[in-house]
1. On a full-extension model of 0.36 nm per residue, what is the gain between B:Thr273 and B:Asp367, subtracting their alpha-carbon distance, rounded to one decimal in nm?
2. So what is log10(I(q)/I(0)) for region A:98-240 at q = 0.19 1/Å, when the Debye sum runs over its Cα atoms only?
3. Search the structure for amide H atoms under 5 Å from the amide H of B:Ser122, placed 1.01 Å from N in the peptide plane, and list their residues when 5 or more places away or on another chain.
4. Can you list the residues, at least 5 places off or on another chain, whose amide H is less than 5 Å from the amide H of B:Thr93, using H built in the peptide plane?
5. Taking a 31 Å limit on the Cα-Cα distance, which of the listed pairs A:Lys113/B:Lys289; B:Lys56/C:Lys54; B:Lys148/B:Lys310; B:Lys176/B:Lys356; C:Lys12/C:Lys325 fall beyond it?
6. Give the Debye-formula value of log10 I(q)/I(0) at each listed q (0.20, 0.28 Å⁻¹), with one equal scatterer per alpha carbon of region C:51-93, two decimals each.
7. With charges set only on the Cβ (+1 for Lys and Arg, -1 for Asp and Glu), what does the dipole of chain C come to about its Cα centre, in debye to the nearest 20?
8. Nearest 0.05, what FRET efficiency do B:Lys148 and A:Arg160 give at R0 = 56 Å with Cβ-Cβ as r?
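Read-outs: derived from the displayed coordinates by stated rules, not from any lab. These figures come from a predicted structure and were not determined experimentally. All Cβ positions, even for glycine, are placed from backbone atoms using ideal geometry, and neighbour counts span all protein chains on display.
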Amino acid sequence: MDGLELLIAASLNAGTALAIAGIGLLINERAGILNLGAEGLMLVAAIAGFAVAVHSNPWLAFAAGMAAGALLAACFGLLVIWLNTNQVATGLALSIFGSGLSAFVGIPYVSEKLGEQAQFKIPFLGDIPFIGPALFRQHPMVYIAMALVAALAWFLYRTRAGLVLRAIGESPESAHALGYPVRRIRMMAVLAGGAMCGLAGAYISVIYTPLWIEGMVAGKGWIALALTTFATWRPARVLLGAYLFGGVTMLQFYFQARGVHVPSEFLAMLPYLATVVVLVLISRNASWIRANMPASLGKPFFPGS
Amino acid sequence: MTLTPKRSLLTQAGWTVLAAAALLAGCGKKEEPAPAAAAPASAPVAAAPASAAPLKVAFAYLGPAGDHGWTYAHDQAVKAVQKEYGDKIAVSTVENVPESADAERVFRDMATQGNTLIFATSFGYMEPMLKVAADFPAAKFEHATGFKQTDNLRSYDSRSYQTAYLAGIIAGKMSKTNTIGVVGSIPVPEVIRNIDAYTLGALSVNPKIKTKVVWVNSWFDPPKETEAAQSLINGGADVLLQNTDSTAVLQTAEKNKKFAFGWDSDMSKFAPTAHLASAIINWQPYYSKAVKEALDGSWKGNSATWWGIKEGANDIIAISDQVPADVKELVAKTKASISDGSFKVFTGPLVDSTGKEVLKAGESADDKMLGGLNFYVKGVEGKVPGGDKK
Amino acid sequence: MLRLETRPQPSKAMSFASPLIALAITVVVGVVLFLILGKDPLAGLRMFFVEPVKNLYGLAELSVKATPLILIALGLAVCYRSNVWNIGAEGQYIFGALGGGWIAMQAGPGTEWMGQGYVVLILLGGVLAGMFWAAVVALLRDRFNANEILVSLMLVYVATLLLSWLVSGPWQDPNGHGFPQTITFLAQTKLPRLVQGLRAHIGLVVALVAVACFWVFMFRTYRGFALQVGGLAPAAARYAGFSARSALWVSLLLSGAMAGLAGALETAGPLGQLTTFVPVGYGFAAIIVAYVGRLHPVGIIFSGFLMSMFYIGGELAQSRLGLPKALTGVFQGLLLFALLACDTLIFYRVRWRSAPAAPPTSNISSTAAAVAKGA
């Protein structure tokens, strides 16, 4: 198949934002917090990043996106961790508020454009036939995403802090009894997760589609949520799932450009149907899901109870 | 949630109502008495007093005026008309009007607020506008790109296929891979016409040209437009045309060091090296005429106006210096002959992509055929989505 | 520093003051936003709170907008009280529109004998279609333990894409010049209007009847009681023999039915055809409506109308004052945020303490509070 290497490259690109947001949500969920506000976080970070990028460079924009994401996530964390509000409702409120706020703040930026976009290529590796164009000609953030995933896996499974985080996700009461500041750690997880979602949002508006338009995240936050379940809460699988989802998104255009006459809507349905299938597969064995899903996910925690 | 006994709930509800009413009354008191709104069933109250009162004109936009595409073109024309007529008209615009049931409320509100000339700038407003037009017989409604008209509602459109043809000439000469691409919005006749015209123009200077088409199923969706453009480029196309409303396609071409055209508005500043030319629509001539007719009372419904290069509604501008001089000359010559009517874009012999002859030698497509065009010409790859239904 | 102290008993006064405080906070932020945008805040507030209710036409439009919100929220209230987190009401709404729309498209010379009674068939079609889509969620949760939040959410996307395919392909109006929409439904299928000349239709009556029915169901029937106990104290419910399984199915089917009904009403009413613009976010806004209405049928009427005022006010603010439409989303999200924050005041007191934390409160009251909160 001609152009396959370009399809792979495009999938990597499309999946990067999903992967970064996915691991952000993973951090949250491993601590037991379900954050349905990912879409809102990403949108606010997208406009924050774009606004900064218009006046300076993409790297500052990424930082701005992370800061915006963390800030908004802090509000979420305050409500959910300290005031013990319902996580589902609060997350949804965050989503709706975030999309409205970003649209509002972004109004003056609709007709702005960013500077010239550089083309990247890893020297030598990028010239290998097929694999070169497929894998080694991406924006640095694509590789950073992979590094982040590796770092998170190392953190979760090879450090004490990661163990504590996972313990809190499984049984915050036990961790509390052991003397760990459960709420503070959860808050840090929420902030870190928010920063990741923010980074993903900034990537979308600064690199992926260097424009601002309201709603431009177009559901990637919700897909990232599905990703964590799809990946049974393991970082490496999040990355794989993200690329798969990204691939399916590009696949519909790939087919169209080749005259393959499959209705694009059905192709577009694939990621969502795939998520449902995976959910079913991993959930149907109750002990499997117990082994995989953080047990305290979504439940409020009360120290002293 | 707590279960509260029934009586206290009713008390709660009662207090809530009182509180809400107090809030409303408090807000209301501060305002001057609101003008009596006309009941929709009857004709609008405002009979135009002496000619001193400006004509109230309203525009409903599909997207944001800053999209630098479709809506931007309308907005520029509106601003020009505002300057042209000064105090004689009072213009208001509403952006981001969804093509859903909510549109009806927007039009109704415009009419109730005293606007007597109302423009709707997208196809999807047709049904809501028809309903409102029926309830406000004294107001005049103008619908862009539609096909239904009544006594107080008429349609208008532009012949963008003419400039698509001219863009095709440039594309045919500039393409190195002999493959050009189109990012299509929704598979309606207007867009299919543009794809065909683009291809015909390219074929007229380069018989080896092939056109690939990718559909995003939306008029305005920058992320998807970017992905679509990327996949066209990945598929070998090196000169892109779009029928969508944002600058994403152009910017993607710039990133990949390929070529593309601006659409609806001048997009040259968004892609200094990729931009070859912009096929623009100038709505000012038509808007100016409509306002004039509304002012002097000669406005009549039941018509469909379709203007093109000749009337100044379409043009191809900002042709880049990367385009060789002889190509620019050819474009100018062709433009002139379209304008004076000596050349028609869709002229036979014309064969569609299945090989069937659709126009015989010397035959030209009339407006009716153009209006319902639903086939790809030879040279365009693939099939029209949805198949040939009619 | 400020400390939160658990109240010995949840405060009833706060439980109805809290939505009002939340509304007040939203209004204050709104005024600030208007000032930032350089618009007259009073005019802005007027657009949101006065204009939509000023006259009969305004009230009619308000009812048109509120009807689907109320209907969907009623179903969601039952769900959330039973601890079933149906987030996919939007997808069930779309399916209701598809079901009702399909039946509407079958109308023709052969069905004329039914007159306006045909509308009942349309609504029935919507209800069944919505129930079907919710049943998928229920089945996957029942048989496979699949988390209903994610499944219902994914199915929203699937439903949206299915609608898009249908109106661009098999159901496309052959005379529609290729635009992705179905035929305009025949007059027979139109919902009867309440008042001649206004858009208010029988949907409002349906909604009010539904409110009454739901109230009876939730607070006067054994089933409703069982559902709520299941949500508040699952262990106690199990002990009492209330089936969690039937709670799951009943609440999902009910909310699917309501969302489907709302979809069918919108399609046969204001829309009059199927287009890609059927989904407008009612399924998600209804979640806010349900919460702000305290998951109580009567409260939902008020919050439904309040949300509609935000929608319509946002439109008017845009068309008459030039304020951006995005404000509506900001206000809606803010309202829910503020409400959730204010709700804590029902269970906690704010105290100023300079000493270190008070001794931990007793287990029982805080657990009960926690369970009640978590529902």
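1. Values: separation 94, 0.36 × 94 = 33.84 nm, distance 3.67 nm.
Extending this stretch completely gives an extra 30.2 nm.
2. -1.23
3. So B:Ser122 has HN proximity to B:Ala144.
4. Amide H to amide H, under 5 Å and 5 or more residues apart or across chains, B:Thr93 pairs with B:Phe59.
5. From the list (A:Lys113/B:Lys289; B:Lys56/C:Lys54; B:Lys148/B:Lys310; B:Lys176/B:Lys356; C:Lys12/C:Lys325), the Cα-Cα distance tops 31 Å for A:Lys113/B:Lys289; C:Lys12/C:Lys325.
6. Results for region C:51-93 at q = 0.20, 0.28 Å⁻¹ read -0.66, -0.90.
7. Details: 24 positive and 12 negative charges, 243 e Å.
Using only the charged Cβ atoms, the result is roughly 1160 debye.
8. Values: r = 71 Å, r/R0 = 1.27.
For B:Lys148 and A:Arg160, the calculated efficiency is 0.20.
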